[in-house]
Amino acid sequence: MAKLDALMIFPKLGTWDDIIRDVPLSVIYASTESVKRGYNVKVIDLRFYENNWQEKIDEILKDGCSLVGMSVMTGNPVRTSLEVSRYIKEKYAGTQIVWGGPHPTTLPEETLQEPCIDFVISDGGSKPLAELLANLRGEDQKLEDIEGLSWRDNGVIRVNAPQKEFEILNFREIPYHLVDISGKSYNRLNSGELVFPIFMSAGCPYQCTFCVSPAMYRKIKGKKWVSYGVDEVLAHIEYLSERYEFTRVQTYDDESFINPKEMREILEGWVARGWHNRLKLDFRGIRFNDIERLDDDYLSLMEKAGVEYLFIGLESGSPRMLKIMKKAIKVDQVIAVNHKLARHPRLKPHYNFFCGAPGETFESLVETKELLLKLVKEHPTAYLGHGGHWKPIPGSEITDVAVEKFGLKLPTTLEGWAEIDTLDLDAQPPDYSWYTPRMYRMIKLLTLGGLLLDGKTKDLIGNLHPVLSKLVHAAIIIYRPFLRLRLRYNFSWFLIEMKLYNFVMNGVSVMLKHKYTRESSNPNLPNNPNAGSSPGGLREIAIGQNPVAETV
């Protein structure tokens, strides 16, 4: 077998890896051009390996490899990617390492301060990755001509010009075969249901200050949102349905409804093909002002098409905070849209929010609480997001505000950025100057409310032992009146139930972990004849501040 050109690695994301495990689209998409050019690359998804990832990497790298790539988001993925990169560099010194994804995209020079990282690819990774492989193979490709590439040149960090167009791939060339895309390997809550992620568009025209997208898309010439087109989207889904068994499609777009007329045509085409009889459809990128423009006839079409979950960015219930965030929505709009969606019960809105952004106060947290309670009261089947603390995302406008106006000290090393994840609900308060102890306790209470006030917890525990599931769900039902009482009076002292919740969820994670079949049945690695012929990738599909909040 020819020497391996590249091993592309999808790192562990964090605590919920065994509860939510979606298809690693980033390492598949960025593989496309390299596969097309015939390079020999393998993919490994480290979420399938708890303690033996070194053995699996050794198995693949023992015969040599030119390049190892990591797809890295800010937070815990930085930690795991750094650990793996250092291991590889120490044991296989001649292997070059490249990082891509949101974190190195926004901080290429800082990332390259780490000696074990040789290259960074910013933005779309498919073409730059293939060109980097061409250079490493001695082909006629200069590093300085690769858009979006940063590297060390005799100790000096070089940063090339950025890519100025969206990387839109031909779906017929996307190497989905690099991993085993099945419900056995990729599902949520160990349900066995494969949720197939796709894109229907690229970009976003909005300027939300907590999001990194405005900075990333500022480099794009022309429109900041581009549709893939009705025919192309429908053909892509048809292509996938002929090759894979799945029951649900979820769009990963930043924004899917910029052109509602075109989306209607997609939904009508979906129904015309009969997919509504066997498939569900979820939208991750949809806003309150999108739904405000849709009439009841349009929403009925969505119901008929099998649209189920709508992940909608609420972010805050405070008008002042919404203005700071440049969210371009108002609380009155949120309430009106919630009423509208309540008339269409088969559509399940999932209202994502977070707390503690620069400028947050106890009073603004109370406003968020009041809105959340109103939303679930007036639409009982609506879901609430995880809540949790805001975390600084490099490249976002509000992170710059936190530094300039509030004196926030950002990490200057990869180890520092690895420590900013906020999934540990009992962690110490973030070191934010605008926080008070009362705010911190209130954020924990709101987080607990987001987790337990709606019906999603029943879904979350449904794959446990049937008796245990009923007991846990009954306990939540009994606890809810007390939680509502806490929220009504803003009583956040002695929140011992948060520790109990963490204990239960850790137990859920352990139980689901043992249900996953590893090694012999894991087809993502070399024992799968279809998973080892081509590259993985660098384009990280970031899904918001908190992956768990967006996908539970």
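Points worth noting:
- Across the chain: Cys residues that no other cysteine approaches within a C-beta distance under 4.7 Å: CYS65, CYS116, CYS204, CYS355
- Interchain or long-range residues, amide H under 5 Å from MET70's placed H: ILE9, VAL98, TRP99, GLY100
- Taking the convex hull of Cα positions in the range 338-482, its mean projected area over all directions (nm²): 11.0 nm²
- Charge dipole (Cα centre; +1 on Lys/Arg Cβ, -1 on Asp/Glu Cβ; no other charges) of the chain amounts to roughly 1540 debye.
- Centroid-to-centroid separation of the range 290-305 and the range 32-96 [C-alpha atoms, Å]: 44 Å
- Extension gain (nm, one decimal) between THR247 and VAL366, 0.36 nm per residue minus Cα-Cα: 38.9 nm
- Here each label is just a point 7 Å from Cα along the line to Cβ, and for ASN490 and GLU139 those points are 6.3 nm apart.
- Cross-link reach list, lysines versus LYS62, counting only Cα pairs under 30 Å and skipping chain neighbours closer than eight places: LYS3, LYS12, LYS36, LYS42, LYS89, LYS91, LYS127, LYS142, LYS184, LYS513
- Test item: Cα-centred dipole of the range 59-154, Lys/Arg +1 and Asp/Glu -1 on Cβ, debye: 360 debye
- With coordinates expressed along the principal axes, the C-alpha atoms belonging to the chain extend over 67, 56, 52 Å, beginning with the largest.
- Loop-located trypsin sites (Lys or Arg not before Pro) across the range 189-289 with a Cβ neighbour count of 13 or fewer within 10 Å are ARG218, LYS221, LYS223, ARG243, ARG278, with loop assigned by DSSP.
- Net charge dipole size for the range 181-425 [Lys, Arg +1 and Asp, Glu -1 on Cβ; Debye, nearest 20]: 180 debye
- Taking every Cα-Cα distance in the range 181-425 and sorting them into 10 Å bins starting at zero, the pair-distance distribution P(r) comes out as 7, 28, 33, 25, 7, 0 percent.
- Angle in degrees between helix 466-488 and the longest Cα principal axis of the chain, rounded to the nearest 10: 60 degrees
- Exposure proxy for TRP390, TRP434, TRP275: other Cβ atoms within 10 Å of each Cβ, ordered fewest to most, give TRP434, TRP275, TRP390.
- For the chain: relative contact order, % (alpha-carbon pairs under 8 angstrom, 6 or more apart): 22 percent
- Estimated distance in nm for a label pair at LYS326 and ASP153, the labels positioned 7 Å out from Cα along Cα-to-Cβ: 3.3 nm
- For LYS330, a cut-off of 17 angstrom between C-alpha atoms picks up these lysines, skipping any fewer than 8 places away in its own chain: LYS340, LYS369, LYS374.
- Here the gap between ALA235 and CYS116, fully extended at 0.36 nm per residue and compared with their Cα-Cα distance, gives a gain of 38.7 nm.
- Simple label model, 7 Å out from Cα along Cβ direction - SER191 to ARG278, nm: 1.9 nm
- Length released on extending from LYS184 to GLU378, taking residue separation times 0.36 nm less the Cα-Cα span: 66.1 nm
The numbers here are math on the coordinates, done by the rules we state, and not lab data. Being a predicted model, the structure only gives us computed values, none of them experimental. Neighbour counts are summed over all protein chains in view; Cβ atoms, including those assigned to glycine, are modelled from backbone coordinates with ideal geometry.
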